[in-house]
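The block underneath contains the structure these notes are about, expressed in structure tokens.
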Amino acid sequence: MFGAVLGKAAGLVVTGLAGAVTYDGVKRVARSGAVREAAVTATAWGLRGARAAETGAERARLATADIVSEARGRIGEEAPAPGSGHGHTHEH
């Protein structure tokens, strides 16, 4: 019975030691600025991705506007003037 208690106590000591070593390692990494550097890098990638998506959306919008304009020209319809305010009839 004494051996079982001693075995459990040794296991707890090893687990506690592993936890302490892990905690110290995490503290050391946090102090080194690696976490901040990783966050800045991830944010930069996100911004690049957002800009690329915005550029793609703008290209798609312009392509669609060109197609609509050409289709209106084929049927003899004039395109509305920019800012003509279709559907906006009340005054401010």
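Any read-out appearing in this document is the output of simple, stated calculations on the displayed coordinates, not a laboratory observation. As the structure is a computational prediction, the values presented were derived from the model and not from experiment. Glycine gets a Cβ as well: all are built from the backbone with ideal geometry, and neighbour counts include every protein chain shown.
A few remarks follow.
- Normalised alpha carbon radius of gyration of segment 5-82 [divisor 2.2 N^0.38 Å]: 2.61
- Over all other residues within a Cβ to Cβ distance under 15 Å of R31, the charged ones net out to +1, with Lys and Arg as +1 and Asp and Glu as -1.
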